[in-house]
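Every read-out reported here was derived from the displayed coordinates using simple, explicitly stated rules and does not represent laboratory data. Model, not experiment: these values are computed from the prediction. Note that each Cβ is placed from the backbone with ideal geometry, even for glycine, and that neighbours are counted across all protein chains shown.
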Amino acid sequence: MKRMLSGIKPSGQLTLGNYIGALKEFVKYQEDYDMIVFIANLHCLTVYQDPEELRTNLRDTIALYLACGLDPKRSTIFMQSDVMEHAQLGFILSCNTYLGELNRMTQYKDKIAKGESALTAGFYSYPTLMASDILMYDPDFVPVGEDQKQHVELTRDIAERFNNKYGETFKVPAPLIPKIGARIMSLSDPTKKMSKSEESNKGCIYLLDDPKVASKKIMSAVTDMVNQINYDPENQPGVSNLLTILSTLSGRSIENLVNEFEGQGYGTLKKAVANEVSLLLGDLQVKYKEILASGIIDDVLKEGKEKAGRLAGVKLKEVQKRIGADL
Ligand code: ATP
Ligand code: LTN
């Protein structure tokens, strides 16, 4: 069985973008793949997290993983910091990564362009920890949203470089990006990605938003003056984003939706999106509450830690042997 691996940072509440671009896909893939999913709680430390808030976010993230349909019997679900090998392999891989490569990472370049000065060394080198998360488990595919494609490509380069230097050690994985929904945009500025670390939360739907609040955000989504429902991300990013959300949640093609909404106002499209999103959030939140009340989270994490820890232990030993650190 082919293997897939992915992770999500618990640096805030999960968003509709995380759901459409990543979580929903994980759930689909667990039917046919050996799925490994983890909470990237080391990655989120690249910027300060209030420890108490982080603890709550960790629980919420796992509860939402399960509420979305990830099945701990089929998939391995674990916390990154529970498997210490990630940090060690991360360092070894950082010694096989060039500064020039990290300088080219879009996320890093964006922050520099914005003039952010308090960037941490962890933020700069975090793609090498991500490479470790991935290469540790030899997955065939890494399902991620568009913004993470560059990091998976760097991971491939690091794997190939390591294999060339030390002998065949890592499988070279491929990114798997959804055809639609790989980049859900902010509702208040549809030229930007919907992000949980966005300053204003008006443009972002959180999976734990009250469905009424979420509907309001959708009804006030920024659109344009064209007054025609077309799928044209370049010239009509707001309307195209709404069509994308509706299509991914309803399972209907964009073409089909454009035909249906032809000649109607943006308000009608927004209402349809708000309905679909409210249904999703309502359903997820019922399951989320049941999961939190059931107390199964600790068991899931314990089992995940054991399963992932076994695989990571074997891989790290192999790497230590390759590099000559096995005396
Ligand atoms: P932040 O929003 O704080 O920058 P993030 O949401 O990009 O963080 P993660 O939560 O770790 O970071 O992302 C988890 C997964 O969700 C990744 O695969 C990422 O590509 C995907 N993802 C995140 N935002 C979106 C979005 N707006 N549209 C589609 N996929 C997304
Ligand atoms: N870096 C990613 C989260 C992440 C990840 C991973 C995704 C950490 N490790 C391994 C896929 C595979 C992010 O910031 N969204």
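Taken over the range 283-327, lysine pairs spaced eight or more positions apart, or on distinct chains, with alpha carbons under 29 Å apart number 15. Protection proxy ranking, highest mean first, for peptides 150-157, 114-121: 150-157, 114-121, where packing is the per-residue count of other beta-carbon atoms within 10 Å, averaged. Here's the picture: charge each Lys and Arg Cβ at +1 and each Asp and Glu Cβ at -1 in the chain, and of Thr248, Gln236, Thr76 the one pushed furthest to the positive end of that dipole is Thr76. Average 1/r across all pairs of distinct alpha carbons in the chain, invert it, and you get the Kirkwood radius: 20.8 Å.
Values of log10 I(q)/I(0) for the range 132-187 across q = 0.18, 0.23, 0.24 Å⁻¹ run -0.60, -0.84, -0.89, by the Debye formula with one identical scatterer at each alpha carbon and no solvent.
Restricting attention to the chain, close to 10% of DSSP beta bridges with both partner residues there are antiparallel. One compactness figure for the range 110-224 is 1.36, namely its Cα radius of gyration divided by 2.2 N^0.38 Å.
Pairwise inverse Cα distances across the range 14-122, averaged and inverted, put the Kirkwood hydrodynamic radius at 16.3 Å.
When each of Ser200, Ser195 is scored by the number of other beta-carbon atoms lying within 10 Å, the sequence from fewest to most is Ser200, Ser195.
From the square roots a ≥ b ≥ c of the eigenvalues of the alpha-carbon gyration tensor of the range 210-256, which class results: rounded (a/c under 1.5), prolate (a/b over b/c), or oblate? The shape class here is oblate.
Of the GluC sites (Glu not before Pro) found in the range 1-93, those that fall in a DSSP loop while having at most 14 other beta-carbon atoms within 10 Å are Glu31. When the square roots of the Cα gyration tensor eigenvalues are ordered a ≥ b ≥ c, the ratio a/c for the range 252-312 is 1.5 or more and a/b does not exceed b/c, which makes its shape oblate.
Which residue fluctuates most in the GNM of the chain (Cα springs below 10 Å): Leu66, Leu23, Leu316? So, out of Leu66, Leu23, Leu316, the one fluctuating most is Leu316. By the helix-only formula, in which each DSSP H run with n ≥ 4 contributes -39500 (n - 2.57) and the sum is divided by residues, the chain has a 222 nm mean residue ellipticity of -16500 deg cm²/dmol. Classification of the range 283-327 by its C-alpha gyration tensor yields a prolate form. The axis ratio a/c (a ≥ b ≥ c) is 1.5 or more, and a/b outweighs b/c.
Label separation (Ile254 vs Leu102): 3.6 nm, computed from points 7 Å beyond Cα along the C-beta direction.
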